[in-house]
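Peer 1: My questions will all concern the structure given below.
Nothing in this text is a laboratory measurement; each read-out follows from the coordinates by a stated rule. Everything numeric here is computed off the predicted structure, so don't read it as measured data. Backbone-built Cβ (ideal geometry, glycine too); neighbour counts: all protein chains shown.
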Amino acid sequence: MSTLMFFIGVYGFLTRRNLITILMSVELILNSVNINFLAFNRYLFPHKLDGMFFSLFIIAVAAAEAAVAIAIIINIYRRFSTINVEDVNEMKY
Amino acid sequence: MAANQLMFILFSIIIVTFSILTVTSRKILRAAVYLLFVLVSTSGLYFMLNYQFLAAVQLTLYAGGIVVLIIFSILLTSHISQKTEPVGWKKSVFSALAAIAGAVLAIITILDFNFSATLEAAQEVSMKVIGRSLLSTGEDGFVLPFEVISILLIAAMVGAIVIAKKGGPVKSDSSTLNHQ
């Protein structure tokens, strides 16, 4: 099930043009990986807690990265007045 | 464990449905709300797996923090009722093909592997254990990632503030570069 979620996130990442929806797909991917870690930890290694801590750190990293991504998106919007991925091509050769 | 299985199936159906709706809906605000549902259902799954602390953290951080941030930025950067343009036909088919191929490959690999459950007793996940593990060195200790994450959070905060400052280096730099 987490595999499905992961690849739905990948599909969304490749397909969407709005930067914010790309960010949402990335969050989906990270979440699916979290579920995977916790399921493995619960059913295969019940006596160790490594998976849970790793998931905790993944959640923290995802939150930090989403914050920075939104700061970048807001900056892009100020400059280009659009958040389509295809319109932000000033540095394109 | 019929009830457990039933709840797991119910949660999985909810999660998969809403994630599909998230990546294919035309209105951005609806996609954000679907993402919120996905995150809350994921937290329900964690509660079922008996990881209460992580479920609470997920609810607070993800559903309460990141989704709020996303909705903020949606409202700041676009019209609410603006529909995003539909993706071109070729692009969506090719990426769907790539995603499905990847999913099939992963699922085949997973189903082939025989997972063997150990017979050791489950360790109780209480707050005391979590707190102690987070701060101890040695075998069960996680103090190094803990410190590194605090540095990462500070760096992210500083970075986000510097990037999103108004009237920052963006405008002045371009004008000076043009003069030179």
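Peer 1: Is the shape of the stretch B:1-83 best called rounded, prolate or oblate, per the rule: a/c under 1.5 gives rounded, else a/b larger than b/c gives prolate, else oblate, with a ≥ b ≥ c the square roots of the Cα gyration tensor eigenvalues?
Peer 2: Numbers: a/c = 5.49, a/b = 1.72, b/c = 3.20.
Taking the square roots of the gyration eigenvalues as a ≥ b ≥ c, the stretch B:1-83 is oblate.
Peer 1: Oh, and also: Using 1/(1 + (r/R0)^6) with R0 = 30 angstrom and r between the beta carbons of B:Gln52 and B:Thr109, what's the FRET efficiency to the nearest 0.05?
Peer 2: Values: r = 32 Å, r/R0 = 1.05.
Once the sixth-power term is evaluated, E becomes 0.40.
Peer 1: Quick one: if you stick a label point 7 Å off each Cα along the C-beta vector at B:Ala3 and B:Val68, how many nm between them?
Peer 2: 3.4 nm
Peer 1: Taking other Cβ within 10 Å of each residue's Cβ, how do A:Asp50, B:Asp112 sort, fewest first? Present the calculation step by step, with values, prior to reporting the outcome.
Peer 2: On the way: A:Asp50 14, B:Asp112 7.
Sorted ascending by nearby Cβ count, the order is B:Asp112, A:Asp50.
Peer 1: Counting only other chains, and only Cβ atoms inside 10 Å, what mean value do you get across the residues of B:69-78?
Peer 2: Values: counts 7, 9, 1, 2, 11, 7, 0, 5, 12, 5.
The shielding value for this peptide is 6.
Peer 1: Something else: With each label point set 7 Å from Cα along the Cα-Cβ vector, what nm distance links B:Arg30 and A:Asp50?
Peer 2: 4.4 nm
Peer 1: Mind checking the full-extension length gain between B:Lys91 and B:Thr17? Use 0.36 nm per residue of separation minus the Cα-Cα distance, one decimal, nm. Walk me through the numbers on the way to the answer.
Peer 2: Values: separation 74, 0.36 × 74 = 26.64 nm, distance 2.20 nm.
Result: 24.4 nm gained on full extension.
Peer 1: Ranking request for peptides B:33-42, B:62-71: highest mean number of other beta-carbon atoms within 10 Å first, then the rest in descending order. Show your work: numbers first, answer last.
Peer 2: On the way: B:33-42: 21.8, B:62-71: 18.8.
Taking the mean over residues of other Cβ atoms within 10 Å, the ranking is B:33-42, B:62-71.
Peer 1: Okay, next question. Just tell me how shielded B:97-106 is by partners: mean number of partner chain Cβ atoms within 10 Å of each residue's Cβ, no decimals. Show your work: numbers first, answer last.
Peer 2: Working: counts 1, 4, 11, 2, 1, 5, 8, 2, 2, 5.
Average per residue, whole number: 4.
Peer 1: Per residue of B:58-67, what is the mean number of Cβ atoms on other protein chains within 10 angstrom of that residue's Cβ? Show your work: numbers first, answer last.
Peer 2: On the way: counts 6, 0, 1, 6, 8, 0, 0, 4, 11, 3.
If you average over the peptide's residues, the count of other-chain Cβ atoms is 4.
Peer 1: Please order A:Glu27, A:Glu65, B:Glu147 by the number of other Cβ within 10 Å, starting at the fewest. Show your work: numbers first, answer last.
Peer 2: On the way: A:Glu27 23, A:Glu65 17, B:Glu147 11.
Exposure proxy ranking, most exposed first: B:Glu147, A:Glu65, A:Glu27.
Peer 1: For B:Leu144 paired with B:Met157, estimate the spin-label separation in nm (one decimal), with each label point 7 Å from Cα along the Cα-to-Cβ line.
Peer 2: Label-label distance for B:Leu144 and B:Met157, simple model: 2.6 nm.
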